[in-house]
Amino acid sequence: MLPDILVPGLDAVFVGTVVGRKSAEKGHYYSDPTNRFWPRLQQAGLTPTRLGPEDDQVLPAFGLGLTDLNKVDASSKDDVPFYPADFDLRIRAVAPSWVVFNGRRPAAEYAAWRGLAEPSYGFLNWTIGDSLVFVVPNSSGNNWDGRMLGGKTTVEWWQEAGQHIAQTRGG
C-alpha cells in the first residue's frame with residue numbers, strides 16, 4: 001500500500017477508503033485516470049494549478065495530506081477491512097486543521113467506530129482530536145460532475161470544503 005502523506009500542521013488531510021489497484025501499481029495516490037481527485041483540489045481552490053498523481057508527495061507544500069482508512073491490501077473494495085483506531089491515532093498525531101473524508105463510506109465507518117450518527121455530506125458537528133471534519137462526495141469517476149447529492153453537485157461540495165479550509169489556513 002502507499003505510505004501516508006502526513007506531517008504536523010497541515011491545513012487538511014484527505015481520507016480515502018483504500019488505495020486503488022492502479023494507484024498501488026503506479027505508487028501514487030489517485031492514479032486512475034477516471035478519478036477526479038486532482039482536478040477537484042484545484043476546483044476547490046486548494047492548489048493554484050491542477051496537480052496529478054505524480055505530484056502527491058508535494059501536497060504538504062500546499063498544506064495538504066493524504067491517507068486511507070485501510071492501510072493494508074484488500075482483495076476487493078466491496079470487502080474492505082477498516083482500521084479506524086489506527087487511523088484515529090495517525091490523525092491525532094499530526095493534528096491537521098481539517099479532516100476531509102473523500103466519500104461517505106470512510107466517514108461512516110469511522111463514525112460507527114466512534115458511536116456517532118451516520119454522516120452526511122458537508123461540515124460535521126464532531127471532531128477528530130482538534131481537527132474539524134468535512135465529507136465530500138467520492139472523487140471516483142463513478143460520481144459524474146452534474147450529479148446532485150444532498151442538494152449540491154459534487155464540485156459544489158468540494159468548493160464548500162475548500163472555502164472552509166481557506167478560512168482556517170494560516171491560523
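Could you please report the charge total around Phe14, scoring K, R as +1 and D, E as -1 over all other residues with beta-carbon less than 10 angstrom from its beta-carbon? Here the charged neighbours net out to 0. Around Ala166, with a cut-off of 12 angstrom between Cβ atoms, what is the net charge of the other residues, counting Lys and Arg +1 and Asp and Glu -1? Net charge around Ala166: -1. Annotation: amide H of Ser31 within the under-5 Å range of Ser23, sequence separation 5 or more or interchain, hydrogens built in the peptide plane.
For segment 12-168, DSSP calls about 30 percent of its internal beta bridges antiparallel. Rounded, prolate or oblate: which one fits segment 100-171, using the alpha carbon gyration tensor with axes a ≥ b ≥ c (rounded when a/c is under 1.5, else prolate when a/b beats b/c, else oblate)? In terms of gyration-tensor shape, oblate.
With the simple model of a label 7 Å out from the Cα in the direction of the Cβ, Glu54 to Ala24 spans 2.4 nm.
Each listed q (0.14, 0.16 Å⁻¹) maps to a log10 I(q)/I(0) for segment 12-168 from the Debye sum over equal C-alpha point scatterers, namely -0.65, -0.88.
Coordinate-derived values only; no laboratory data. The structure displayed is predicted, hence computed values, not measured ones. Here the Cβ is made from the backbone with ideal geometry for all residues, glycine too, and neighbour counts use every protein chain on show.
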